[in-house]
Amino acid sequence: MRDIRDAQMVGRTSDGRLVQRPLSGHLTVYINFDMVMSVGHRVTGCAIAVGTIVMVWFLVAAASGEAAYANVSWFLRTPIGYLALFGWTAALWYHYCVGIRHLIWDSGRMYDMPTVDRSRFVILGATAVLTLLTWLIALS
């Protein structure tokens, strides 16, 4: 053995022969829809934090006077501003829906695979519907 990594890679088969085993599989072996949903939950948490900073900027500008409010209002009414606000709204609803699923899981329910599979699509559908409803109400 050249170093400690070689010792960690030694394993035995059921008949006792020594074999070298990998330390871990390649990442593509493990990627599944639940993993993507989990990463999405974390990413939306970060997006919510950034969106909250923009919201604080808006509130401080509104309290500071007309000139500051006009600057923030101008930015938020640009296509980039609308896209950021739409993304922030979608992130809020997605994070909320996944959080509800985690609360249900914490109670020990909905762990069977058919229910988990359905809940993925319920979360994505609810996120889309709630985001669109929020914007339809806000723009009307």
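Things to note:
- Complete set of residues in the stretch 38-80 that are among the polar types (S, T, N, Q) and over 23 Å from the mean Cα position of the chain (by Cα): SER64, ASN71, SER73, THR78
- Qualifying residue in the stretch 106-124 (condition: of a type in the set (S, T, N, Q), touching a helix residue (DSSP H, G or I) at 6+ places or on another chain (Cβ under 7 Å), over 14 Å from GLY40 (Cα atoms) and touching a residue at least 24 places away in the same chain (Cβ under 8 Å)): no
- Scanning the stretch 70-95 for residues that are surrounded by fewer than 16 Cβ atoms within 10 Å (Cβ to Cβ), of a type outside the set (A, V, I, L, M) and part of a helix (DSSP H, G or I) returns ASN71, SER73, TRP74, PHE75, PRO79, GLY81, TYR82, PHE86, GLY87.
- Count of the stretch 19-37 residues which are more than 21 Å from THR89 (Cβ to Cβ) and either modelled with pLDDT of 90 or more or not in a loop (DSSP other than H, G, I, E, B) (or both): 9
- Output for the stretch 100-116, where each listed residue is more than 15 Å from the chain's Cα centre (by Cα) and surrounded by 12 or more Cβ atoms within 10 Å (Cβ to Cβ): ILE104, TRP105, MET110, THR115, VAL116
- Hits in the stretch 60-98 - residues which are among the hydrophobic types (A, V, I, L, M, F, W, C), touching a helix residue (DSSP H, G or I) at 6+ places or on another chain (Cβ under 8 Å) and within 27 Å of GLY40 (Cβ to Cβ): PHE75, LEU76, ALA84, LEU85, PHE86, TRP88, ALA90, ALA91, LEU92, TRP93, CYS97, VAL98
The values are calculated or read from the model by the stated rules, or taken from the named source; none is laboratory data. Here the structure is a predicted model, which is why all the values come from computation and not from measurement. Methodologically, a virtual Cβ is constructed for each residue, glycine included, from the backbone with ideal geometry; neighbour enumeration extends over all protein chains shown.
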